[in-house]
Amino acid sequence: MKIFLCALIFLTTANPAFAADTVYVQSSKAKIFSNPSFQSQLVVTANKGDALTRLETSDQWVKVSYQQHTGWIAALLVNSKPPQDKITVIKGQDGGTPKDDARRRASSSASAAAARGLRQDERARASDQSQTNYPAVEKMEANKVNEKDVETFQQAPAK
């Protein structure tokens with residue numbers, strides 16, 4: 001009996017199928033691709049707050065199962081907690097202290113610079129030049145944006 005119990009414990013902890021957990025879409029729309037690449041085939045699109053089953057994690061991608069589809073989604077678009085009601089473009093914004101918020105903004109700024117292809121020295125220079133204007137940030141955060149406006153903005157052609 002002890003051997004059976006040990007084998008059962010080993011199989012449930014070692015098997016990836018048993019290690020799956022739930023992640024939630026944080027953006028208004030999130031594309032799930034066939035491979036961990038934005039150039040791969042689109043499998044399905046998930047909406048904000050949809051629950052996905054995480055199957056595997058690889059670099060900045062998460063392999064998920066969603067509505068009988070399996071594919072890869074960018075890790076920045078999911079979180080282990082459901083999204084809050086407020087609309088935000090900065091992951092993890094939870095009303096912390098101004099210092100915490102500024103740290104998140106610097107981090108997202110550096111991430112955006114890396115996504116645009118800036119070299120390490122260019123990213124450092126870009127972040128050194130930024131100053132946080134807390135009254136202006138509070139004024140911007142006070143603006144209400146509804147989901148329809150966000151979708152219209154996302155679907156607008158790039159200029």
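Bear in mind these aren't lab numbers, they're just calculated from the coordinates by the rules spelled out. In this text the structure is predicted, and so the values were computed from the model without any measurement. Cβ placement follows ideal geometry from the backbone for every residue including glycine, while neighbour counts extend to all protein chains displayed.
Exposure proxy for Lys48, Lys63: other Cβ atoms within 10 Å of each Cβ, ordered fewest to most, give Lys48, Lys63. Going by neighbour counts of Cβ atoms within 10 Å, the residues Ser34, Ser58, Ser27 line up, fewest first, as Ser58, Ser34, Ser27.
Checking the Cα-Cα distances for Lys48/Lys139; Lys81/Lys139; Lys63/Lys148; Lys48/Lys81; Lys31/Lys144; Lys81/Lys148 against a 19 Å cut-off, the pairs over it are Lys48/Lys139; Lys81/Lys139; Lys63/Lys148; Lys31/Lys144; Lys81/Lys148. Within 9 Å, Cβ to Cβ, of Val62, how many net charges do the neighbouring residues add up to if Lys/Arg are +1 and Asp/Glu are -1? Once all neighbours under 9 Å are counted, the net charge is +1. Whole angstrom only: what separates the Cα centroid of the stretch 18-37 from the Cα centroid of the stretch 142-158? The stretch 18-37 and the stretch 142-158 have Cα centres separated by 22 Å.
Count charges around Ala30 for me, please; just the other residues with Cβ under 10 Å from its Cβ, Lys/Arg as +1, Asp/Glu as -1.
Numbers: positive: Lys29, Lys31, Lys48; negative: Asp50.
Every neighbour counted, the sum reads +2.
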